[in-house]
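The values are calculated or read from the model by the stated rules, or taken from the named source; none is laboratory data. This is a predicted model, so every value here is computed, not measured. Glycine gets a Cβ as well: all are built from the backbone with ideal geometry, and neighbour counts include every protein chain shown.
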(Lines give C-alpha, C1' and ligand atoms only; values in the text may rest on other atoms or scores of the structure.)
Protein backbone atom coordinates (compact mmCIF):
# COMPACT_ATOMS: atom_id res chain seq x y z
CA UNK A 1 0.00 0.00 0.00
CA UNK A 2 1.34 3.39 -0.98
CA UNK A 3 0.23 4.96 2.31
CA UNK A 4 2.33 2.55 4.37
CA UNK A 5 5.21 2.71 1.88
CA UNK A 6 5.20 6.52 1.92
CA UNK A 7 4.44 6.90 5.63
CA UNK A 8 7.69 8.78 6.36
CA UNK A 9 6.99 11.25 3.55
CA UNK A 10 3.44 12.01 4.65
CA UNK A 11 2.72 15.33 6.31
CA UNK A 12 1.62 15.49 9.95
CA UNK A 13 -1.90 16.26 8.72
CA UNK A 14 -2.06 13.13 6.57
CA UNK A 15 -0.61 10.99 9.34
CA UNK A 16 -3.28 12.28 11.73
CA UNK A 17 -5.91 11.50 9.09
CA UNK A 18 -4.85 7.87 8.74
CA UNK A 19 -4.23 7.32 12.47
CA UNK A 20 -7.69 8.63 13.37
CA UNK A 21 -9.26 6.47 10.64
CA UNK A 22 -7.37 3.45 11.99
CA UNK A 23 -8.47 4.19 15.56
CA UNK A 24 -12.08 4.54 14.39
CA UNK A 25 -11.86 1.21 12.59
CA UNK A 26 -10.49 -0.54 15.68
CA UNK A 27 -13.14 1.11 17.85
CA UNK A 28 -15.87 0.05 15.42
CA UNK A 29 -14.61 -3.55 15.42
CA UNK A 30 -14.45 -3.58 19.24
CA UNK A 31 -18.00 -2.21 19.59
CA UNK A 32 -19.22 -4.60 16.89
CA UNK A 33 -17.74 -7.58 18.75
CA UNK A 34 -19.25 -6.32 22.03
CA UNK A 35 -22.66 -6.03 20.37
CA UNK A 36 -22.40 -9.34 18.56
CA UNK A 37 -24.45 -11.41 20.99
CA UNK A 38 -27.35 -8.94 21.06
CA UNK A 39 -27.23 -8.38 17.30
CA UNK A 40 -27.08 -12.15 16.70
CA UNK A 41 -30.09 -12.67 18.93
CA UNK A 42 -32.08 -9.99 17.09
CA UNK A 43 -30.95 -11.26 13.68
CA UNK A 44 -31.86 -14.83 14.59
CA UNK A 45 -35.33 -13.73 15.71
CA UNK A 46 -35.89 -11.78 12.50
CA UNK A 47 -34.66 -14.69 10.36
CA UNK A 48 -36.71 -17.33 12.15
CA UNK A 49 -39.85 -15.23 12.45
CA UNK A 50 -39.73 -15.35 16.25
CA UNK A 51 -40.76 -12.26 18.22
CA UNK A 52 -37.94 -9.74 18.66
CA UNK A 53 -36.15 -9.97 22.02
CA UNK A 54 -36.82 -7.21 24.51
CA UNK A 55 -34.05 -4.64 23.86
CA UNK A 56 -34.02 -3.78 27.56
CA UNK A 57 -32.98 -7.33 28.35
CA UNK A 58 -30.67 -8.08 25.45
CA UNK A 59 -27.83 -5.76 26.50
CA UNK A 60 -26.34 -5.59 29.98
CA UNK A 61 -26.37 -2.13 31.62
CA UNK A 62 -22.63 -2.36 32.33
CA UNK A 63 -21.84 -3.03 28.67
CA UNK A 64 -24.24 -0.32 27.51
CA UNK A 65 -22.71 2.28 29.86
CA UNK A 66 -19.19 1.27 28.79
CA UNK A 67 -20.11 1.70 25.13
CA UNK A 68 -21.72 5.09 25.73
CA UNK A 69 -18.64 6.27 27.64
CA UNK A 70 -16.38 5.06 24.82
CA UNK A 71 -18.58 6.72 22.22
CA UNK A 72 -18.62 10.06 24.00
CA UNK A 73 -15.13 10.25 25.51
CA UNK A 74 -13.08 8.62 22.76
CA UNK A 75 -15.01 8.91 19.52
CA UNK A 76 -15.67 12.66 19.77
CA UNK A 77 -11.98 13.63 20.08
CA UNK A 78 -11.07 11.18 17.30
CA UNK A 79 -13.79 12.65 15.08
CA UNK A 80 -12.65 16.19 15.85
CA UNK A 81 -9.04 15.32 14.97
CA UNK A 82 -10.18 13.59 11.79
CA UNK A 83 -12.22 16.62 10.71
CA UNK A 84 -9.20 18.86 11.26
CA UNK A 85 -7.06 16.57 9.12
CA UNK A 86 -9.20 16.01 6.00
CA UNK A 87 -8.14 17.82 2.85
CA UNK A 88 -10.36 20.43 1.23
CA UNK A 89 -11.78 18.01 -1.35
CA UNK A 90 -12.91 15.53 1.30
CA UNK A 91 -14.16 18.37 3.50
CA UNK A 92 -16.54 19.34 0.69
CA UNK A 93 -17.65 15.71 0.37
CA UNK A 94 -18.33 15.50 4.12
CA UNK A 95 -20.23 18.81 4.19
CA UNK A 96 -22.37 17.94 1.16
CA UNK A 97 -23.06 14.52 2.67
CA UNK A 98 -24.31 16.08 5.90
CA UNK A 99 -26.46 18.61 4.03
CA UNK A 100 -28.12 16.06 1.77
CA UNK A 101 -28.55 13.65 4.69
CA UNK A 102 -30.33 16.48 6.51
CA UNK A 103 -32.67 16.97 3.54
CA UNK A 104 -33.25 13.19 3.40
CA UNK A 105 -34.05 13.15 7.11
CA UNK A 106 -36.56 15.97 6.72
CA UNK A 107 -38.11 14.45 3.60
CA UNK A 108 -38.20 10.78 4.52
CA UNK A 109 -38.67 11.31 8.27
CA UNK A 110 -41.41 13.87 7.66
CA UNK A 111 -43.13 11.51 5.22
CA UNK A 112 -42.95 8.72 7.78
CA UNK A 113 -44.57 10.90 10.46
CA UNK A 114 -47.39 11.97 8.11
CA UNK A 115 -48.03 8.37 7.01
CA UNK A 116 -48.02 7.33 10.68
CA UNK A 117 -50.68 9.94 11.47
CA UNK A 118 -52.81 8.29 8.80
CA UNK A 119 -52.15 4.87 10.30
CA UNK A 120 -50.38 3.61 7.15
CA UNK A 121 -47.02 2.87 8.80
CA UNK A 122 -45.96 2.10 12.39
CA UNK A 123 -44.60 4.81 14.68
CA UNK A 124 -41.33 6.39 13.57
CA UNK A 125 -38.22 4.60 14.76
CA UNK A 126 -35.32 6.69 16.04
CA UNK A 127 -32.90 3.90 15.12
CA UNK A 128 -34.20 3.84 11.56
CA UNK A 129 -33.95 7.62 11.19
CA UNK A 130 -30.35 7.56 12.46
CA UNK A 131 -29.65 4.76 9.97
CA UNK A 132 -31.19 6.76 7.09
CA UNK A 133 -29.14 9.83 8.04
CA UNK A 134 -25.94 7.78 8.33
CA UNK A 135 -26.40 5.82 5.09
CA UNK A 136 -27.26 8.89 3.01
CA UNK A 137 -24.37 10.88 4.52
CA UNK A 138 -21.92 8.03 3.89
CA UNK A 139 -23.25 7.46 0.37
CA UNK A 140 -22.94 11.11 -0.66
CA UNK A 141 -19.50 11.39 0.97
CA UNK A 142 -18.29 8.29 -0.93
CA UNK A 143 -19.79 9.55 -4.22
CA UNK A 144 -18.22 13.01 -3.88
CA UNK A 145 -14.84 11.64 -2.79
CA UNK A 146 -14.37 8.65 -5.06
CA UNK A 147 -16.54 9.14 -8.17
CA UNK B 1 6.74 18.64 -17.92
CA UNK B 2 6.83 16.25 -14.95
CA UNK B 3 6.35 12.54 -15.06
CA UNK B 4 4.38 12.41 -11.81
CA UNK B 5 1.54 10.08 -11.05
CA UNK B 6 -1.55 11.40 -9.29
CA UNK B 7 -0.25 9.79 -6.09
CA UNK B 8 3.13 11.57 -6.49
CA UNK B 9 1.42 14.90 -7.04
CA UNK B 10 -0.92 14.29 -4.10
CA UNK B 11 2.06 13.67 -1.86
CA UNK B 12 3.72 16.90 -2.98
CA UNK B 13 0.52 18.94 -2.57
CA UNK B 14 -0.43 17.30 0.75
CA UNK B 15 -3.86 16.25 -0.50
CA UNK B 16 -5.40 12.88 -1.34
CA UNK B 17 -5.02 11.23 -4.74
CA UNK B 18 -8.78 11.59 -5.14
CA UNK B 19 -8.42 15.35 -4.68
CA UNK B 20 -5.83 15.52 -7.48
CA UNK B 21 -8.12 13.47 -9.72
CA UNK B 22 -11.10 15.72 -8.92
CA UNK B 23 -9.08 18.84 -9.78
CA UNK B 24 -7.82 17.29 -13.03
CA UNK B 25 -11.32 16.31 -14.11
CA UNK B 26 -12.80 19.66 -13.15
CA UNK B 27 -14.99 18.27 -10.38
CA UNK B 28 -13.26 20.30 -7.67
CA UNK B 29 -12.01 23.87 -7.82
CA UNK B 30 -8.90 24.22 -5.66
CA UNK B 31 -8.90 26.78 -2.88
CA UNK B 32 -6.51 29.72 -3.18
CA UNK B 33 -3.93 28.19 -0.81
CA UNK B 34 -3.95 24.95 -2.82
CA UNK B 35 -3.83 26.86 -6.10
CA UNK B 36 -0.76 28.75 -4.82
CA UNK B 37 0.88 25.42 -3.94
CA UNK B 38 0.09 24.14 -7.44
CA UNK B 39 1.47 27.29 -9.04
CA UNK B 40 4.70 27.09 -7.02
CA UNK B 41 5.10 23.39 -7.75
CA UNK B 42 4.71 23.84 -11.52
CA UNK B 43 6.43 27.25 -11.54
CA UNK B 44 3.54 28.97 -13.25
CA UNK B 45 1.38 32.02 -12.49
CA UNK B 46 -1.65 31.28 -10.31
CA UNK B 47 -4.07 32.54 -12.95
CA UNK B 48 -2.92 29.68 -15.17
CA UNK B 49 -4.40 27.24 -12.65
CA UNK B 50 -7.92 28.50 -13.19
CA UNK B 51 -9.32 28.03 -16.69
CA UNK B 52 -12.31 30.34 -17.04
CA UNK B 53 -14.09 28.39 -19.76
CA UNK B 54 -17.16 30.60 -19.49
CA UNK B 55 -15.26 33.85 -20.06
CA UNK B 56 -15.80 33.93 -23.82
CA UNK B 57 -19.44 32.90 -23.67
CA UNK B 58 -20.63 34.65 -20.52
CA UNK B 59 -23.25 37.37 -21.07
CA UNK B 60 -22.34 40.99 -20.43
CA UNK B 61 -24.39 41.48 -17.28
CA UNK B 62 -23.65 45.19 -17.06
CA UNK B 63 -24.93 45.83 -20.55
CA UNK B 64 -28.03 43.75 -19.92
CA UNK B 65 -28.66 45.47 -16.62
CA UNK B 66 -29.32 42.28 -14.72
CA UNK B 67 -31.05 43.02 -11.42
CA UNK B 68 -29.52 40.13 -9.48
Inset, instruction - Could you check, for the stretch B:3-15, whether at least one of its residues is more than 10 Å from chain A (Cβ to nearest Cβ), more than 19 Å from residue A:14 (Cα to Cα) and at pLDDT below 90? - result: yes
Legend entry - Count of the stretch A:85-101 residues which are more than 14 Å from chain B (Cβ to nearest Cβ) and touching a residue at least 24 places away in the same chain (Cβ under 8 Å): 4
Inset, instruction - Report, by residue number, each residue of the stretch A:134-147 that is away from chain B (no Cβ under 14 Å), surrounded by fewer than 18 Cβ atoms within 10 Å (Cβ to Cβ) and either assigned to a loop (DSSP other than H, G, I, E, B) or touching a residue at least 12 places away in the same chain (Cβ under 8 Å) (or both). - result: A:134, A:138, A:139
Inset, instruction - Spot the failing condition for residue A:130; the list is (1) in a helix (DSSP H, G or I); (2) over 16 Å from the mean Cα position of the chain (by Cα), and only one is missed. - result: (2)
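Just give me the residues in the stretch B:17-27 being in contact with a helix residue (DSSP H, G or I) (Cβ under 7 Å, 6 or more places away or on another chain) and crowded, with 21+ Cβ neighbours inside 10 Å, in sequence order.
Our first condition is that a residue be in contact with a helix residue (DSSP H, G or I) (Cβ under 7 Å, 6 or more places away or on another chain); within the stretch B:17-27, this holds for B:17-22.
Matches in the stretch B:17-27: B:19, B:20, B:22.
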